[in-house]
Amino acid sequence: MSAPLGRPAIGPKVPINFSTGLLEDIEAGAGVAGLTRAAWVRRASARALPETFDGILTADDLQRYFEAAARGADPAHEVDDATVRRLLTARDDGTLAIEEFTAETLTAETATQRRRLSFITRPFVADGATVVLYQVSHGTITYRQPAEDAPAHHGQHTVYLNQAAARAWHEQMRSNLSLA
């Protein structure tokens, strides 16, 4: 008996209907990422779920987190180099872990764009002590309009050690983005 043709099954099929504009945006995103539409949707779905990291992180995992998050808007409360170095080196002796994070997200959507603002609390355990980082993330997706080639994506992430400073930045971004 010969082996079935095609790729091995990833899991059960789930039919999903998308609006034409959203499907075009998904296809554009998949093209930019170099993925199939299905792979892109799987990845986007997985990223939308709460993250949990079981066990120990690699330095690459943590470095990606810091690369995706710019310095805090208030230099007095930004994540300092010593804390970054501590979190990056703690994993060498097997003591670094990320605990489950919590996120508050506000979204506003119109016919032309979607805006999202999130406040994320992410605790790390490094060298037996807990370090809590507060991340404020915002992004705008402007849907493709007639005569435009692709949707536009804009975003920013800021990371703080100080919860009050992060909340102040979150409130400022909330009023700037009109997500009251």
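The values are calculated or read from the model by the stated rules, or taken from the named source; none is laboratory data. Here the structure is a predicted model, which means the values were calculated and not measured. No Cβ is skipped: glycine too gets one built from the backbone with ideal geometry, and neighbour counts run over all protein chains shown. Areas reflect the complete protein model, heavy atoms only, side chains present, ligands, DNA and RNA absent. Shrake-Rupley method; radii C 1.70, N 1.55, O 1.52, S 1.80 Å.
Which is surrounded by 13 or more Cβ atoms within 10 Å (Cβ to Cβ), at pLDDT below 75 and under 19 Å from the mean Cα position of the chain (by Cα), of 29, 72?
From the options 29, 72, the qualifying one is 72.
Cβ-Cβ distances below 7 Å connect the following pairs, each with a first residue in the stretch 13-33 that is under 12 Å from residue 143 (Cβ atoms), a second residue that is open to solvent by less than 40 Å² (accessible area, probe 1.4 Å), and a separation of six or more residues or different chains: 21/143; 25/143; 25/151; 26/41; 28/151. Summed over the stretch 108-117, the residues that are within 17 Å of the chain's Cα centre (by Cα) and either surrounded by fewer than 17 Cβ atoms within 10 Å (Cβ to Cβ) or without any contact (Cβ under 8 Å) to a residue 12 or more places away in the chain (or both) give a count of 1.
Out of curiosity, is residue 130 open to solvent by 30 Å² or more (accessible area, probe 1.4 Å) and over 29 Å from residue 111 (Cβ atoms)? For residue 130, the condition - open to solvent by 30 Å² or more (accessible area, probe 1.4 Å) and over 29 Å from residue 111 (Cβ atoms) - is met.
Looking at 86, 167, just one residue is among the basic types (Lys, Arg) and modelled with pLDDT of 85 or more, and that residue is 167.
Every residue, every condition in (1) loosely packed, with under 14 Cβ neighbours inside 10 Å; (2) at pLDDT below 85, yes or no:
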position: 141; (1), (2): no, yes
position: 152; (1), (2): yes, yes
position: 155; (1), (2): yes, yes
position: 163; (1), (2): no, no
position: 174; (1), (2): no, no
position: 177; (1), (2): no, yes
position: 180; (1), (2): yes, yes
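Here's the yes/no breakdown for (1) in contact with a strand residue (DSSP E or B) (Cβ under 8 Å, 6 or more places away or on another chain); (2) at pLDDT 75 or above; (3) part of a helix (DSSP H, G or I); (4) surrounded by fewer than 16 Cβ atoms within 10 Å (Cβ to Cβ):
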| residue | (1), (2), (3), (4) |
| --- | --- |
| 46 | no, no, yes, yes |
| 67 | no, no, yes, yes |
| 76 | no, no, yes, yes |
| 90 | yes, no, yes, no |
| 103 | yes, yes, no, yes |
| 106 | yes, yes, no, no |
| 123 | yes, yes, no, yes |
| 136 | yes, yes, no, no |
